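S.K.: My structure is below; once you've seen it, I'll send some questions.
The values are calculated or read from the model by the stated rules, or taken from the named source; none is laboratory data. Owing to the predicted nature of the structure, the values given are computational and were not obtained by experimental measurement. Because the Cβ atoms are built from the backbone with ideal geometry, glycine has one as well, and the counts that use them run over all protein chains shown.
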Amino acid sequence: MDKVMNLFLCGVGGQGILLASEVISSACMNAGFDVKQSEVHGMAQRGGSVISHIRFGRKVYSPLIEAGSADLVVSFEMLEALRYLPYMNKDTKVIVNTQKILPAPVATGMDTYPADVFAQLSQRGLSLFPVDAFDIAQSIGETRAVNMVLVGALSAFLPLDEQTFMQVIEKRLPEKIRKVNIEAFLKGKETVKGMLTKT
Amino acid sequence: MINKKNIGEKVLLSGNEAIAQGAFEAGVSVASGYPGTPSTEILENLCTYGDIYTEWAPNEKVALEVALGASFAGARALATMKHVGLNVAADPLFTAAYTGVKGGLVIVTADDPEMHSSQNEQDNRNYAYAAKVPMLEPSDAAEAKEFLKIAYRISEEFDTPVLFRTTTRVAHVKGIITIGGTESSKATLGIEKMPEKFVMLPAHARRRRVELEKRMLRLKEFAETFPENRIEWGDKTRGFITSGVSYLYVKEAFPQASVLKLGMAYPFPDRMIRDFASEVDELFIVEELDPFIESHVKALGVECRGKELIPAMGELNSALVRQSITCEPARDLFEPVPIPMRPPNLCAGCPHRGIFHAISKLKVFVAGDIGCYTLAALKPLSSMDSCICMGASIGTAFGMEKALGKDSLGKIVAVIGDSTFMHSGITGLIDVVYNRGFSTVIILDNRTTGMTGHQPNPSTGTTLGGDKGAGIDIEALCRAIGVKHVVTLDPHEHENAVKVLKQEIERPEPSVIITRAPCALLPEMKKRKDKKIHTVIEANCTGCRSCLRIGCPAIEWVPLTPEEAKQSGYKETQKGHSHINMVMCDGCGQCAPLCKFKAIVVAGPGKGKTDG
């Protein structure tokens, strides 16, 4: 794979995007790819919008994805997918968690949450993969595993085998939450696989 | 633990984690710093490497002095800080350049182009020039580890402190590094008296000044053959001189071009630059922020283009570099769509929120400081009127007071966090007492350094290594300085806080209010079982929005159409009602007293909030 793959993750501080990024990047490394992953800490994180760039391939230089160049986007929160439209192009595959987290101006009644996020995305010809990650995580009894549901969903598009991800999750997560996170990963993957066979 | 890795093993580390690994491999035995994005994780990781002494110093000046002392004793020493921290540490830096070192001494400065989490965008390469010390600048995590080891060799070989500059996109970018072997200092540990070298009184300093110039000449010569200053020949129609993360953007944008990569940002290899320039048709300088390389290249009389094409503000990226150089239009992109902003906010349960709400009602000028609480400047709290640098709140409040005289009594307060007060607020308070002021200083004591990710500080007593201790007693310290009126209160108790605030700001003497309650994100706070989760009795809510004015992320507004209002049993004119998101509520109770209609009540003990 000479071309560098660009994975763009976005969501809200506290959703576990940084851990998800670490799992994905480690899996890429273990599969023999060069990888760079970029994120921002500090003030940018306090309940604000959070993004993470992951680039992998034979040789990766820049840690940042260029505007219009994301191959895959995983939006951990619905609205955030719209915020980062400029990173996408018409061929970008967009996995969207259907979960809504109200931004402060919406919560305080100063602004409204757009009703037509999916319509706006599909109008632009993007391939959308909606995943009810929060519901899935809740159904397996761990709402904090939303991030692993989405990692699983993303994995359906990557040239990495399931075993590689399993090994990373087993190594990275404490034993007591390992099983539930693996279950979350598999459910996420299954959800997207289901959509892919239908289309 | 990272240090349990085997030599040759490949691991994915951030630039900061790689620097910690590099310090371990370089045989560093003393490391001191002050937390600051994007530098914090260096010491947080290095403290897990067993035998290395690591500490959070009260501020960056002390951190550098501790590292310098360790170097004088023959140890390899590290000081870490963010870019603005080096301003604080500049005093020892400039004279450490004169004394030189015994054990290797490296100072990491983590710059923040784009100001992701900073108050300014200064380019600390200028410090290398101004202080006359060499500076290394890695491009990614793998280089960060290797360059740090090189930095120690340079430090000892040339008898100089070495500056080590990262930027956010080096410090916080993960990449693959290979675990290497360890080495150690050439210096021997012990006390050695060398007054001509270490005592910088004028007669000695004048001699060291000459040594410093000689050293810089030797370093310039070294730079000519230093392998990390390297030319990658390619197509010679365009040549680029670059360093740090900008090198990666150049390689991404122009993979075929010729590149002179400067691993050493200062001093410059003049012959190498001239030779490179003479071989390429057009020479471009690509660097973030200041024209640091460009000015030097132009001063050599070498023709080049840099900041006339490439922005001198903010971060670069490969697309920006490509478009700046080729002047090709940007590719067609999806236009951004107007959607609600998602600004950072004080967390649910944050003890700072109530106190800022109380302050906002007093209509005073709030001289603020650096920390999570700077977010109180944003709507709806809108209760901070200045924020400059660590510790500046007290001095600026006092200066306004002196300019305005007695009329300013009751109109100005200084607000500062516990860690920031320890960092450099104490001296400001001494000024207030010494020079007969009447300032009111509010110390927001949330028992941690919140913004940078919960580091302990001198007032919490716990050390970086986890040793628990009593900590500096802020109240006793203020009294010892000479403040007679020191009140400690619980910021979650709104009515009392308002009462005390009103009383103290009118006092014609210095006073300190310590608002003490732990940060809601501290593990002991997150795990507590007795959280009084609140809820809104919708029938009692009149839609007055009073509770929304504290900007708690757990309180939501539910808009209603006249039809819906009627159906819900409200007056048709009621525009909506408040709602508490019980998953997000932390049970601090600050909202309840704001409701005159008793619509906000305790719902019962809640489960610990999830932290994702």
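Every residue, every condition in (1) within 14 Å of chain A (Cβ to nearest Cβ); (2) within 25 Å of B:GLU495 (Cα to Cα), yes or no:
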| position | (1), (2) |
| --- | --- |
| B:ASN540 | no, yes |
| B:THR573 | no, no |
| B:ASP586 | yes, yes |
| B:PHE597 | no, yes |
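S.K.: How many of the residues making up the range B:567-589 are touching a residue at least 60 places away in the same chain (Cβ under 8 Å) and exposed (fewer than 13 other Cβ atoms within 10 Å of the Cβ)? If you could, list the steps in order and put the result at the bottom.
M.R.: From the range B:567-589, those touching a residue at least 60 places away in the same chain (Cβ under 8 Å) are B:584-589; that's our starting set.
Next, only the ones that are exposed (fewer than 13 other Cβ atoms within 10 Å of the Cβ) stay: none.
Selection size over the range B:567-589: 0.
S.K.: Considering every residue within the range B:269-283, establish whether at least one is more than 14 Å from every other protein chain (Cβ to nearest Cβ), of a type in the set (A, V, I, L, M, F, W, C) and closer than 30 Å to B:THR449 by Cβ.
M.R.: No, there is no match, as no residue in the range B:269-283 is more than 14 Å from every other protein chain (Cβ to nearest Cβ), of a type in the set (A, V, I, L, M, F, W, C) and closer than 30 Å to B:THR449 by Cβ.
S.K.: Could you please find all residues in the range B:25-40 being crowded, with 24+ Cβ neighbours inside 10 Å and not in a loop (DSSP other than H, G, I, E, B)?
M.R.: B:ALA31, B:SER32, B:GLY33, listed by residue number.
S.K.: Do you know which of the residues in the range A:13-69 that are among the acidic types (Asp, Glu) and at pLDDT 95 or above is farthest from the chain's Cα centre (by Cα)?
M.R.: A:ASP34
S.K.: Among the listed residues A:ASP132, A:ASP111, which satisfies the condition of being acidic (Asp, Glu) and touching a Pro at 6+ places or on another chain (Cβ under 8 Å)?
M.R.: A:ASP111
S.K.: Going through the range B:197-206 one residue at a time, which ones are surrounded by 13 or more Cβ atoms within 10 Å (Cβ to Cβ) and part of a helix (DSSP H, G or I)?
M.R.: B:LYS197, B:PHE198, B:HIS204, B:ALA205
S.K.: So, one more: Which number in (1) modelled with pLDDT under 95; (2) within 29 Å of A:ASP91 (Cβ to Cβ) marks the one condition that A:THR143 misses?
M.R.: Going through (1) modelled with pLDDT under 95; (2) within 29 Å of A:ASP91 (Cβ to Cβ) one by one, A:THR143 breaks only (2).
S.K.: In the range B:230-242, is there at least one residue being in the same structural domain as B:PHE284 (by TED's automatic domain parsing), in a loop (DSSP other than H, G, I, E, B) and among the hydroxyl-bearing types (Ser, Thr, Tyr)?
M.R.: The answer is no; no qualifying residue exists.
S.K.: Moving to a separate point now. List the strands (runs of 3 or more DSSP E) that sit entirely inside the range B:426-537 and contain at least 2 residues that are surrounded by 18 or more Cβ atoms within 10 Å (Cβ to Cβ), among the polar types (S, T, N, Q) and outside the structural domain of B:PRO35 (by TED's automatic domain parsing).
M.R.: B:511-516
S.K.: Determine if the range B:108-125 includes at least one residue that is in the same structural domain as B:PHE24 (by TED's automatic domain parsing), part of a helix (DSSP H, G or I) and of a type in the set (A, V, I, L, M, F, W, C).
M.R.: no
S.K.: Look at A:ILE101 and say whether it is surrounded by 23 or more Cβ atoms within 10 Å (Cβ to Cβ), among the aliphatic types (A, V, I, L, M) and within 19 Å of B:ASN581 (Cβ to Cβ). Outline the logic, then answer.
M.R.: Values: surrounded by 23 or more Cβ atoms within 10 Å (Cβ to Cβ): yes; among the aliphatic types (A, V, I, L, M): yes; within 19 Å of B:ASN581 (Cβ to Cβ): yes.
Yes; evaluated as a whole, the condition is true for this residue.
S.K.: Separate question: Show me the helices (runs of 4 or more DSSP H) entirely contained within the range A:137-199 in which 1 or more residues are within 13 Å of the chain's Cα centre (by Cα). Reasoning before the result, please.
M.R.: Working: elements: A:146-155, A:162-172, A:175-198.
Here the list reads A:146-155, A:175-198.
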